[in-house]
1. For PHE192, PHE116, PHE390, what's the largest-to-smallest order of accessible area, 1.4 Å probe?
2. Please compute P(r) over all alpha-carbon pairs of region 303-374, binned at 10 Å starting from zero, and give each bin as a whole-number percent.
3. Nearest 0.05, what FRET efficiency do HIS69 and GLU616 give at R0 = 35 Å with Cβ-Cβ as r?
4. Net charge near SER184: determine it from the other residues with C-beta under 13 Å of the C-beta of SER184, scoring Lys and Arg +1 and Asp and Glu -1.
5. Just want the answer: with Cβ charges of +1 for Lys and Arg and -1 for Asp and Glu, which residue in PRO684, LEU598, ALA626 is farthest toward the dipole's positive end in region 542-686?
6. Could you tell me the distance between the Cα centroids of region 263-335 and region 176-224, to the nearest Å?
7. Evaluated at 37 °C with a viscosity of 0.692 mPa s, what Stokes-Einstein diffusion coefficient in µm²/s does the chain have when Rh comes from the Kirkwood expression over alpha-carbon pairs?
8. Tell me, in nm to one decimal, what length is gained between SER414 and LEU370 on full extension, where the rule is 0.36 nm per residue of separation less the Cα-Cα distance?
Amino acid sequence: MADKPDAASDQKRGNAGELHQQAGGGHPPLTTNQGIPISDNQNSLRATPRGPTLLEDFILREKITHFDHERIPERIVHARGSAAHGFFELTASLAQYTTAKVLTEVGKKTPVFCRFSTVAGGAGSVDTPRDVRGFAVKFYTVEGNWDIVGNNIPVFFIQDALKFPDLIHSVKMEPDRGFPQAASAHDTFWDFISLMPESMHTVMWAMSDRTIPRSLRMIEGFGVNTFRLLDAEGKSTFVKFHWRPKLGLQSTVWDEAVKLAGADPDFHRRDLYEAIDAGDCPEWEFAVQLFSEEDAAKLPFDHLDPTKLIPEELIPLKVIGRMVLDRNPDNFFAETEQVAFCPSNIVPGIDFSNDPLLQGRLFSYLDTQLSRLGSPNFHQIPVNAPKCPFHNLQRDGHMQMGVPKGRVNYEPSSLQADSPRETASGFKSFAQPADDGKKGRIRAESFADHYSQARLFYRSQSDIEQAHMAAALVFELSKVQTEAVRERVVGHLVNIDPALAKRVADGMGMAQLPPAPAPAAPVTDMQPSPALQLIGKMKPILNGRVVGILVDDGSDGAAVESLRKAVEQAGAKVKIVAPKVGGAKLADGKPLAADGQLAGTPSIVFDAVALVLSDEAGKRLAKEAAAVDWVRDAFGHLKAIAADAGAQAVLHAAGVQADPGVLQAGNASGFVEAAKTRQWAREPKLRKLP
Ligand code: HDD
């Protein structure tokens, strides 16, 4: 029996090695981790051709052992994330307030790494659940790394870090059954929330369309906690950090978000990656709200309470820079997974406030990185290492990559002239006078008003947004099996806005409004803040978005081209969808390549759709579920639809009714205008919102 593992016998056996050899040359030699060249990556070492595998096979053992250890613990929260490299450019100096060079050297570009995430789901969960989005930015400044570890919502669910494990346990999969994944619509979350009046403001944000974004390129970011800026004299100014997307805010509609989870679980990750890959680099304005201790004292709430925001109308935003994300990571694990953000990473000239949530965060992140990355040397991983020089006397530990020279690893010392020393320009904390209060596990009374800002948020929304919030509450609470929990939540809504409570109660078929809990502090009516809206912050532009055009054999090529031209001129991309991935043969006999096959490319992944079909194709596709759903969903998701005469049969089969968002394919400019916004006026005709 021939048992020589050479190329000829491989070929006879149809072995992958031979096919691989044919696939091209010029590759570096494959080696083990010890650098030993490998001659056969297809067959483990066997005693005889059909005999047992030998323990001696160090190549097999090394490869399998490494594979077995490929996963590290996923983040306990924000496990699902997507990231990119880029830069921050300062456009206005804050030299009056801080010594931090990153905030004073106008025109300087500081490299950044930015990771977006959902909160509740595991690393392999989908991109589009209803959830807060993380927005974490690591600035590699010349004075060390500065991390703003924020969210796309300016407030948080809890006031004290001690409650964070409870909050997260409640929203994650229930511990006995292991579901639901990446969803807040279940008993434990709402049970916890119903017993936490302080969560009400953030819950209002979570039930708004902010938590079902269209794209990570179209979300705002907030540092949430209040920080300080310090000038050379040590004078402090409070600061809140904001990111505002150049593309404006865009959300999905709920039914679309749900369907996206199936159509493309990586919708946001793919969108970010493809945009950057195509050179369509997302950009954000960086803005600050600055206020003094005296300003803070005049605010009607406590700026140290992370469940409160400061309306822009009270303290305006000052734009001081921009961030552009222009490079995808080379390797997902090495960078996106191993990046370790810590709110405690700040640079001289910036300092913390006494926000009790922030104070707890300062401990938690460093601690979690130790367990996630497994070594106190995680700062040496390239994505985490500062890009400025860093020296200290910390030594050794697991996976030490540095090779420090010399005898001196202590301080004070006199034996080595180049050992690192303290520096006068080093980090200094704000010399805050101590309170004269008493030590204790105390919640400040100034934190007691849990409803006024929840009311402010709800009442600042447009009618459509209010309806969506009511619908989201009905959806979530309808998934809660425990009636008492549903009732407790509606009781809180009575304190926030009785009309909202009524809508939600009616939406659930609740016979009467449950009693409202007594508020710990009087609920006040604040001046509505339009800046809190999402629809108000949408820009009437098509930049950065994607239009799908459905074609089939016999389509009019000129009509497709004029639509494509108009859409691309408006800064959006066009994707051609056809029943077959090989494309279509146009009326003039020319082929048109497809970007996607109809059944695998539902209209859900587009911002607007057009159909250019021959009469014959239109009639055929009117009987094809994938085509009818394509149109029905686009209509239901309030998208602009352009269709030529041949496509009318499909529109008819999908039940599309005439409205200003349904246009003739020949009216390319009208279609582009309509595509810039959702057809909100269509919604009440399609679904009954509470
Ligand atoms: Fe947190 C991760 C944002 C409160 C404990 N958090 C994490 C990430 C973001 C935030 C964006 C993901 C970072 C990344 O992409 O790797 N977290 C926030 C915001 C908060 C907040 C805006 C409120 C203002 N977090 C918070 C509290 C605690 C934590 C109160 C604990 C006391 N957060 C963590 C963590 C994580 C984390 C467990 C998990 C993975 C990680 O840190 O690196 O330490």
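1. Listed by decreasing accessible area, they come as PHE390, PHE192, PHE116.
2. 14, 29, 37, 18, 1
3. About 0.05, to the nearest 0.05.
4. So the surrounding residues net to -2.
5. PRO684
6. 18 Å
7. Answer from the Stokes-Einstein relation: 115 µm²/s.
8. So the chain would gain 12.6 nm between SER414 and LEU370.
The values are calculated or read from the model by the stated rules, or taken from the named source; none is laboratory data. Every value quoted in this text rests on a predicted model; they were computed, and no experiment measured them. With ideal geometry, Cβ positions are generated from the backbone for all residues, glycine too; neighbour counts draw on all protein chains shown. We work out accessible area using only protein heavy atoms, side chains counted, and drop any ligands, DNA or RNA first. Shrake-Rupley method; radii C 1.70, N 1.55, O 1.52, S 1.80 Å.
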